[in-house]
Amino acid sequence: METLPFEIGETAHALRKAFDRRAVGLGVTRAQWKVLFKLERRPGLRQIELADLLDIEPITLSRIVDRLEEAGLVERAADPADRRAWRLHVTRKAQPLIEKLHNVADEMIAEAFAGIDAEHIEITRAVLGRVRENASRAAPMNRASNQ
């Protein structure tokens with residue numbers, strides 16, 4: 001059981017690398033396609049919210065968004081509730097690229113899950129969902145005990 005989290009992480013890593021190999025010719029980095037996918041699913045996120053979701057530093061996200069904005073793929077809009085904050089949206093120009101990225105993902109997923117029964121996939125989804133739920137309820141780390 002103790003190696004299971006490692007195996008889950010390794011599987012996620014293998015899936016990301018497989019996607020990267022297929023998407024390399026589309027002109028976006030992994031960090032950029034992750035931003036595009038998140039914003040497609042959740043338009044209007046504030047930069048700080050998106051950085052938190054992607055588990056990256058806000059300054060790192062700002063640089064990624066700068067490049068995507070320069071390419072015309074993402075736009076920043078002032079947050080009406082907080083003039084210091086930006087809301088992020090993918091642009092129409094980004095839609096064909098996002099569609100290609102989805103096609104790449106569909107192909108990769110079909111290959112990665114080939115030969116696995118749909119029932120087993122659903123069971124795995126349910127188990128992983130429960131693990132995420134359990135992990136999110138875990139007690140917060142006591143910073144003092146970590147020093």
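Do we find that A105 is modelled with pLDDT under 95 and within 15 Å of the chain's Cα centre (by Cα) in this structure? Break it down stepwise before answering.
Working: modelled with pLDDT under 95: yes; within 15 Å of the chain's Cα centre (by Cα): yes.
It is true that A105 is modelled with pLDDT under 95 and within 15 Å of the chain's Cα centre (by Cα).
Could you identify the single residue in A85, A23 that is in contact with a helix residue (DSSP H, G or I) (Cβ under 8 Å, 6 or more places away or on another chain), modelled with pLDDT under 90 and farther than 30 Å from V127 by Cα?
A85
Select from the stretch 74-86 the residues that are more than 18 Å from the chain's Cα centre (by Cα) and either within 24 Å of F19 (Cα to Cα) or not in a strand (DSSP E or B) (or both) and list them in ascending order.
If the condition is that a residue be more than 18 Å from the chain's Cα centre (by Cα) and either within 24 Å of F19 (Cα to Cα) or not in a strand (DSSP E or B) (or both), then P80, A81 are the ones that fit.
Return the residues of the stretch 15-60 that are in a helix (DSSP H, G or I), within 14 Å of R87 (Cβ to Cβ) and either among the basic types (K, R) or touching a Cys at 6+ places or on another chain (Cβ under 8 Å) (or both); say none if nothing qualifies.
Selection gives K38 alone.
How about the stretch 1-35: which of its residues are of a type in the set (D, E, K, R) and over 24 Å from E49 (Cβ atoms)?
If we filter the stretch 1-35 for residues that are of a type in the set (D, E, K, R), which is where we start, we get 2, 7, 10, 16-17, 20-22, 30, 34.
Listed by number, the residues that qualify are E2, E7, E10, K17, D20, R21, R22.
Filter the stretch 36-65 down to the residues that are aromatic (F, W, Y) and at positive phi and list them by number.
Scanning the stretch 36-65 gives no hits.
All but one of (1) within 18 Å of Q95 (Cα to Cα); (2) more than 14 Å from the chain's Cα centre (by Cα); (3) surrounded by fewer than 16 Cβ atoms within 10 Å (Cβ to Cβ) hold for P43, so report the exception by its number.
(2)
Scan the stretch 93-117 residue by residue and report those that are of a type in the set (D, E, K, R), without any contact (Cβ under 8 Å) to a residue 60 or more places away in the chain and part of a helix (DSSP H, G or I).
Keep residues of the stretch 93-117 that are of a type in the set (D, E, K, R), which gives 93, 99-100, 106-107, 111, 117.
Then drop every residue that is not without any contact (Cβ under 8 Å) to a residue 60 or more places away in the chain, which leaves 93, 99, 106, 117.
Across the stretch 93-117, the qualifying residues are E99, D106.
Kindly list the number of the only condition in (1) farther than 18 Å from G27 by Cα; (2) part of a helix (DSSP H, G or I); (3) under 16 Å from the mean Cα position of the chain (by Cα) that fails for H89.
(2)
How many of the residues in the stretch 1-49 are free of Cβ contacts under 8 Å to residues at least 40 places away in the same chain, charged (D, E, K, R) and closer than 17 Å to I109 by Cα?
7
Please state which of the following conditions L36 fails to meet, knowing it meets all the rest: (1) within 17 Å of the chain's Cα centre (by Cα); (2) of a type outside the set (D, E, K, R); (3) modelled with pLDDT of 95 or more; (4) farther than 13 Å from L101 by Cβ.
Status for L36: all satisfied but (4).
The values are calculated or read from the model by the stated rules, or taken from the named source; none is laboratory data. Just so we're clear, the structure is a prediction, and the values are computed from it rather than from any experiment. Backbone-built Cβ (ideal geometry, glycine too); neighbour counts: all protein chains shown.
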